[in-house]
Amino acid sequence: MSLPSQVRLIEVGPRDGLQNEAQPISVADKVQLVDALSAAGLGYIEVGSFVSPKWVPQMAGSAEVFAQIRRQPGVTYGALAPNLRGFEDALAAGVKEVAVFAAASEAFSQRNINCSISESLARFAPIMEAAKQHGVTVRGYVSCVLGCPYEGEVAPEQVAMVARELYAMGCYEVSLGDTIGTGTAGATRRLFDVVSAQVPREKLAGHFHDTYGQAMANIYASLLEGIAVFDSSIAGLGGCPYAKGASGNVATEDVVYLLNGLGIETGIDLDALIAAGQQISAVLGRPTGSRVAKARSAQ
């Protein structure tokens with residue numbers, strides 16, 4: 001299969017990245033980050049999460065962030081809305097696209113959201129109904145697709161079942177997430193081969209963590225499978241909570257560098273992206289997690 005000519009990147013740094021930070025991050029700093037990402041040419045930015053601040057304190061203030069960002073035409077500003085209350089809050093904040101998530105592992109689902117996979121999917125039914133009524137699009141995430149911190153290996157057929165359910169419920173796209181970053185290129189190709197029998201390839205996305213240093217290899221393997229949408233995080237924000245000290249999300253800068261080298265169009269300005277990553281890293285008081293940004297700054 002030939003490589004896609006264009007790839008769409010879903011920037012998850014402001015949500016999936018910052019929610020793992022120990023230190024509080026101001027609304028102003030979050031707004032500055034989102035605006036810098038918009039200016040760099042990203043077409044989709046996950047801005048925040050409408051969950052109880054008791055559970056995810058870093059996502060408190062998501063409504064204020066949405067109120068203050070400079071929305072650019074043609075850019076989707078999404079948010080995570082795991083329940084109906086979250087969806088209603090997102091709607092009130094002017095959010096036009098939300099994301100819901102389910103796990104491919106029963107043990108992870110129980111430990112993470114205290115319910116089974118089937119129960120978690122049932123919870124999404126009212127969100128899907130409300131989204132349809134209000135003209136809001138819904139994107140689905142499946143976590144632990146290439147391994148679980150509690151169960152170990154996860155069967156691709158199990159992932160396919162969960163992805164199929166999300167797609168059938170009305171998620172226009174389903175992102176498959178290697179939450180603990182243990183996946184390899186061979187396992188990634190097999191995963192997309194199995195899942196694409198249930199959900200069309202053009203409706204699937206990849207979300208890779210770099211815990212074992214395999215994220216770039218897994219993205220390339222996905223490209224070979226015809227996958228043309230990937231989630232990534234500016235400056236590699238977001239550690240892996242199940243592997244102490246391990247890196248988490250793959251850095252957007254590194255993914256863009258890879259795609260540029262393959263002649264794949266993204267519409268993203270790499271220099272502006274690196275600057276945005278350096279800026280938020282300075283706010284957090286630590287070096288960027290992007291290898292490309294580190295290499296460029298050392299030149």
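The values are calculated or read from the model by the stated rules, or taken from the named source; none is laboratory data. All values reported here derive from a predicted model rather than from experimental measurement. Cβ sites come from the backbone with ideal geometry, for glycine too, and all protein chains shown count toward neighbours.
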When only residues in the stretch 213-253 that are among the charged types (D, E, K, R) and surrounded by fewer than 24 Cβ atoms within 10 Å (Cβ to Cβ) count, which is modelled with the highest pLDDT? Glu225
Subset of the stretch 45-68 (residues that are at pLDDT 95 or above and either in contact with a strand residue (DSSP E or B) (Cβ under 7 Å, 6 or more places away or on another chain) or among the charged types (D, E, K, R) (or both)): Ile45, Glu46, Val47, Gly48, Ser49, Phe50, Ser62, Glu64, Val65, Phe66
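Okay, residues lined up against (1) within 11 Å of Leu146 (Cβ to Cβ); (2) charged (D, E, K, R); (3) in contact with a strand residue (DSSP E or B) (Cβ under 7 Å, 6 or more places away or on another chain):
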position	(1), (2), (3)
Thr182	yes, no, no
Pro200	no, no, no
Lys203	no, yes, yes
Phe208	yes, no, yes
Gly213	no, no, no
Gly226	no, no, no
Phe230	no, no, yes
Thr252	no, no, yes
From Val199, Val256, residue being surrounded by 19 or more Cβ atoms within 10 Å (Cβ to Cβ), touching a helix residue (DSSP H, G or I) at 6+ places or on another chain (Cβ under 6 Å), of a type in the set (Val, Ile, Thr) and part of a loop (DSSP other than H, G, I, E, B): Val199
Subset of the stretch 267-299, residues out of contact with any strand residue (DSSP E or B) (no Cβ under 6 Å at 6 or more places or on another chain), in a loop (DSSP other than H, G, I, E, B) and either surrounded by fewer than 19 Cβ atoms within 10 Å (Cβ to Cβ) or not hydrophobic (A, V, I, L, M, F, W, C) (or both), comes to Gly267, Asp269, Gly285, Arg286, Pro287, Thr288, Gln299
Taking Phe108, is it free of Cβ contacts under 8 Å to residues at least 60 places away in the same chain and crowded, with 17+ Cβ neighbours inside 10 Å? no
Residue that is surrounded by the most Cβ atoms within 10 Å (Cβ to Cβ), among those in the stretch 6-54 that are acidic (Asp, Glu), within 11 Å of the chain's Cα centre (by Cα) and more than 19 Å from Arg286 (Cβ to Cβ): Glu11
Any residue in the stretch 1-28 that is charged (D, E, K, R) sitting within a Cβ distance under 7 Å of a residue that is surrounded by fewer than 21 Cβ atoms within 10 Å (Cβ to Cβ) and part of a loop (DSSP other than H, G, I, E, B)? List the pairs, counting only those 6 or more apart or interchain. Arg8/Gly43; Arg8/Ala228
Only one of these conditions is not met by Ser109: (1) in contact with a strand residue (DSSP E or B) (Cβ under 6 Å, 6 or more places away or on another chain); (2) small (Gly, Ala, Ser); (3) modelled with pLDDT of 95 or more. Which number is it? (3)
Scan Ala130, Ala90, Ala99 and give me the residue that is buried (at least 23 other Cβ atoms within 10 Å of the Cβ), part of a helix (DSSP H, G or I) and in contact with a Phe, Trp or Tyr (Cβ under 7 Å, 6 or more places away or on another chain). Ala90
Do you know which residues across the stretch 48-61 are in contact (Cβ under 8 Å) with a residue 40 or more places away in the chain and polar (S, T, N, Q)? Gln58
Scanning the stretch 66-87 for residues that are over 24 Å from Met128 (Cα atoms) and either crowded, with 18+ Cβ neighbours inside 10 Å or among the hydroxyl-bearing types (Ser, Thr, Tyr) (or both) gives Ile69
On the basis of being more than 28 Å from Ile264 (Cα to Cα) and either in a helix (DSSP H, G or I) or of a type in the set (D, E, K, R) (or both), does Gln58 make the cut? yes
